[in-house]
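Okay, structure first, notes after.
The values are calculated or read from the model by the stated rules, or taken from the named source; none is laboratory data. Note that the coordinates shown come from a computational prediction; the quantities given were computed from them, not determined experimentally. Cβ sites come from the backbone with ideal geometry, for glycine too, and all protein chains shown count toward neighbours.
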């Protein structure tokens, strides 16, 4: 168990400085306004926007707004950030609300960006990657499939009593070996 705890604590120490960066704190403080922008862009969501159907409708709207993968990438098309950011916020907030996630600022290969940490899964949910992946494979059901998979994984974690991440990762790894 100690290797799981050590790895978990090491990762917490690695990302902690990013969580206090002014640009991140400002971004998080703008969550309500950013989500309002999303709901303005995608007004025809179901009563529960954080549902599988909500994810499906949000993805359909994204496929209409972003014609290809580069247009949904803040790195490649920074002029589209006013459209990209509301979708990243929606995807992340869906994970936070449905699956006990936490917002985090992570240093990805392409630089710092918003992500969600789920207590039962690793690595982080890369929101920019989730957005661009839907444009790369425009099936219209990628986000709904992600919600379905996360629903099952979250249910297993809840059924196990919501163990702390290091214990859960060990339990999950031991179960996959046996």
Number of the condition not met by residue 104 [criteria: (1) surrounded by 16 or more Cβ atoms within 10 Å (Cβ to Cβ); (2) modelled with pLDDT of 95 or more; (3) out of contact with any strand residue (DSSP E or B) (no Cβ under 8 Å at 6 or more places or on another chain)]: (3)
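Assess whether residue 28 counts as being outside any loop (DSSP other than H, G, I, E, B) and in contact with a strand residue (DSSP E or B) (Cβ under 9 Å, 6 or more places away or on another chain).
So residue 28 passes the test.
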Options 94, 35: the member that is at pLDDT 95 or above, surrounded by fewer than 19 Cβ atoms within 10 Å (Cβ to Cβ) and in contact with a helix residue (DSSP H, G or I) (Cβ under 7 Å, 6 or more places away or on another chain): 35
Single condition residue 145 does not satisfy, out of (1) surrounded by fewer than 21 Cβ atoms within 10 Å (Cβ to Cβ); (2) more than 26 Å from residue 17 (Cα to Cα); (3) in contact with a helix residue (DSSP H, G or I) (Cβ under 7 Å, 6 or more places away or on another chain): (3)
Residue within the range 108-123 that is without any contact (Cβ under 8 Å) to a residue 24 or more places away in the chain, crowded, with 16+ Cβ neighbours inside 10 Å, outside any strand (DSSP E or B) and touching a strand residue (DSSP E or B) at 6+ places or on another chain (Cβ under 8 Å) present: no
Residue in the range 76-99 that is assigned to a loop (DSSP other than H, G, I, E, B), on the phi < 0 side of the Ramachandran plot and more than 14 Å from the chain's Cα centre (by Cα) present: yes
Selection from the range 136-151 of residues that are assigned to a helix (DSSP H, G or I) and more than 16 Å from the chain's Cα centre (by Cα): 136
